[in-house]
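What follows is one structure encoded as structure tokens, with my remarks underneath.
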Amino acid sequence: MSSAHVISPEVQEYLDQVVSKLPDSGWSFMQGFLIGQLSIVILVLAFIKYMLLEEVKKNPQFLIYFKIGLFYFIYKIFYIFKN
């Protein structure tokens with residue numbers, strides 16, 4: 001049994017018309033991919049700077065438990081993906 005579907009010529013022509021009307025992006029896949037990766041790295045670094053490296057000022061006990069819990073969570077995620 002083949003799972004390939006045959007598209008009728010009318011549907012194929014309609015899809016070609018719709019796709020040809022889409023605006024042509026000047027960005028390549030790689031450019032978009034790199035911008036996306038860069039934005040994630042910036043978000044992670046900002047999170048690390050403001051949540052993990054911030055000095056304990058108002059509620060030191062909460063921040064200590066938060067950091068321990070966060071490190072434990074990250075450890076568990078890496079442990080799951082490792083196995």
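What to note about this one:
- Here the simple spin-label model places points 7 Å from the Cα toward Cβ, and for Tyr79 and Ile64 these points are separated by 2.3 nm.
- Calculated FRET efficiency for the pair Val6/Ile40, C-beta based, R₀ 35 Å, to 0.05: 0.30
A short reminder: the numbers here are calculations on the coordinates, not readings from a lab. In this text, all values refer to a predicted model and were calculated from it rather than measured experimentally. Backbone-built Cβ (ideal geometry, glycine too); neighbour counts: all protein chains shown.
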